[in-house]
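**Q** Sharing a structure with you now.
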Amino acid sequence: MLGLNHTSICSNIIDDYASLSTGRRWLLSAFWGIIMCKLSYEFTGTITPLVFKGFIKLSNANKLEWKNRGFSTFHALFVVVASLYFLLVSDLFDEHVDGGLIIKRRSTLSDTILGMSSGYFLSDMAMIIWTFPTLGGLEYVLHHGLSMYAIMQSVLSGEAEMYIFMVLFTESTTPFVNIRWYLDVAGMKASKLYLWNGIAMFLGWLVARILLFGYFFYHLYNHIDEVKQVHKAAYYSLHIIPPVLAVMNLFWFFKITKGMVRTLRKKKTRSHTS
């Protein structure tokens, strides 16, 4: 009987949440996203000294960035799993399912995930600006600002959510970027783990941020008739924000490639001299 009451209560909460206006659902889910960031930030600061004794000796700036990268990693894993679900498992954006124009498909769950993600970008950008330039330069402010705007615009208009999830999947490279920074700060740049993580980061960036963006533009071109039916703000966002992010990804990919080549050359030189 108690179990049935709990089920009924949960069902009523879900129904009440789904009945909210789009704006209120976004505000609530963005708040959850901010809470998620805060909890993972504090968890990272609590658990790290237990597994890495050198954490307490780090500078305050490094401790801050370490914990910041903790919640960025959590968000990355969260949105990557969600993106894979909506793009590959769910039939929400399946072209073979009769659900109307793909460009206008949405669900309460997809709205919630995107709202929580915008909460992350809001939290991270606030930290970047507050501690500027400790956590990143203007390119990070631009990246986060564009991402947050695109997500908010998509949720509030109910359009182009599939393309937002495609772009969010590029966050799959974030854990490798963060691990690279962790290993560097921990003094493990000469380790094999640093090398293999660098190679994984290079390959992940190539697939998720270069090739996937190519498919993004290909899909956009093939569905241009649908794209033309969206609100003007969404239409211009799709034609401006992804190209800007693509250029930024190419720039960072160039730097990642240079760094990997430099590291491999050093490894090769050491192996010859030893």
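The values are calculated or read from the model by the stated rules, or taken from the named source; none is laboratory data. Note that the coordinates shown come from a computational prediction; the quantities given were computed from them, not determined experimentally. Here Cβ is always computed from backbone atoms with ideal geometry, including for glycine, and neighbour counts include all displayed protein chains.
**Q** Hey, which of the helices (runs of 4 or more DSSP H) in the range 169-255, taking only ones fully inside, have at least 1 residues that are under 20 Å from the mean Cα position of the chain (by Cα) and of a type outside the set (Asp, Glu)? Quick ask: steps written out before the conclusion?
**A** On the way: elements: 174-185, 192-205, 212-222, 224-227.
In the range 169-255, 174-185, 192-205, 212-222 are the helices (runs of 4 or more DSSP H) which contain 1 or more residues that are under 20 Å from the mean Cα position of the chain (by Cα) and of a type outside the set (Asp, Glu).
**Q** Now a separate question. Within the set of pairs 6 or more residues apart or between chains, which connect a residue that is of a type in the set (Phe, Trp, Tyr) inside the range 236-258 to a residue that is crowded, with 18+ Cβ neighbours inside 10 Å and modelled with pLDDT of 90 or more with Cβ atoms less than 8 Å apart?
**A** Listed by first residue and then by second, the contacts come to Trp252/Trp205; Trp252/Arg209; Phe253/Trp205; Phe253/Arg209.
Here is a yes/no grid of residues against (1) among the charged types (D, E, K, R); (2) in contact with a Leu (Cβ under 7 Å, 6 or more places away or on another chain); (3) crowded, with 16+ Cβ neighbours inside 10 Å; (4) part of a helix (DSSP H, G or I):
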site: Glu95; (1), (2), (3), (4): yes, no, no, no
site: Ile103; (1), (2), (3), (4): no, no, yes, yes
site: Ser117; (1), (2), (3), (4): no, yes, yes, yes
site: Ile129; (1), (2), (3), (4): no, no, no, yes
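**Q** Another question, then. Name, by its number, the condition in (1) touching a helix residue (DSSP H, G or I) at 6+ places or on another chain (Cβ under 7 Å); (2) closer than 17 Å to Asn178 by Cα that does not hold for Met116.
**A** Going through (1) touching a helix residue (DSSP H, G or I) at 6+ places or on another chain (Cβ under 7 Å); (2) closer than 17 Å to Asn178 by Cα one by one, Met116 breaks only (2).
**Q** Please specify each residue of the range 31-60 satisfying the condition of being among the aliphatic types (A, V, I, L, M), under 24 Å from Thr173 (Cβ atoms) and at pLDDT 95 or above.
**A** Of the range 31-60, the ones among the aliphatic types (A, V, I, L, M) are 34-36, 39, 47, 50-51, 56, 58.
Remaining after also requiring under 24 Å from Thr173 (Cβ atoms): 34, 36, 39, 47, 51.
Scanning the range 31-60 gives Ile34, Met36, Leu39, Ile47.
Residues are listed down the side, and each one gets a yes or a no for (1) farther than 17 Å from Glu161 by Cα; (2) in contact with a helix residue (DSSP H, G or I) (Cβ under 6 Å, 6 or more places away or on another chain); (3) without any contact (Cβ under 8 Å) to a residue 12 or more places away in the chain; (4) in a loop (DSSP other than H, G, I, E, B):
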{"site": "Thr7", "(1), (2), (3), (4)": "yes, no, yes, no"}
{"site": "Ser11", "(1), (2), (3), (4)": "yes, no, yes, no"}
{"site": "Gly23", "(1), (2), (3), (4)": "no, no, no, no"}
{"site": "Ser29", "(1), (2), (3), (4)": "no, yes, no, no"}
{"site": "Thr44", "(1), (2), (3), (4)": "yes, yes, no, no"}
{"site": "Arg69", "(1), (2), (3), (4)": "yes, yes, no, no"}
{"site": "Thr73", "(1), (2), (3), (4)": "yes, yes, no, no"}
{"site": "Ser83", "(1), (2), (3), (4)": "no, yes, no, no"}
{"site": "Asp91", "(1), (2), (3), (4)": "no, no, yes, yes"}
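**Q** From the residues in the range 71-86 that are more than 10 Å from the chain's Cα centre (by Cα) and farther than 13 Å from Thr170 by Cα, which one is surrounded by the most Cβ atoms within 10 Å (Cβ to Cβ)?
**A** Phe86
**Q** Within the set of pairs 6+ apart or on separate chains, which have a first residue in the range 47-64 that is over 12 Å from Ala186 (Cα atoms), a second that is outside any helix (DSSP H, G or I) and not hydrophobic (A, V, I, L, M, F, W, C), and C-beta atoms under 6 Å apart?
**A** Ala61/Thr134
**Q** Kindly establish whether Ser19 is at pLDDT 85 or above and of a type in the set (Gly, Ala, Ser).
**A** So Ser19 passes the test.
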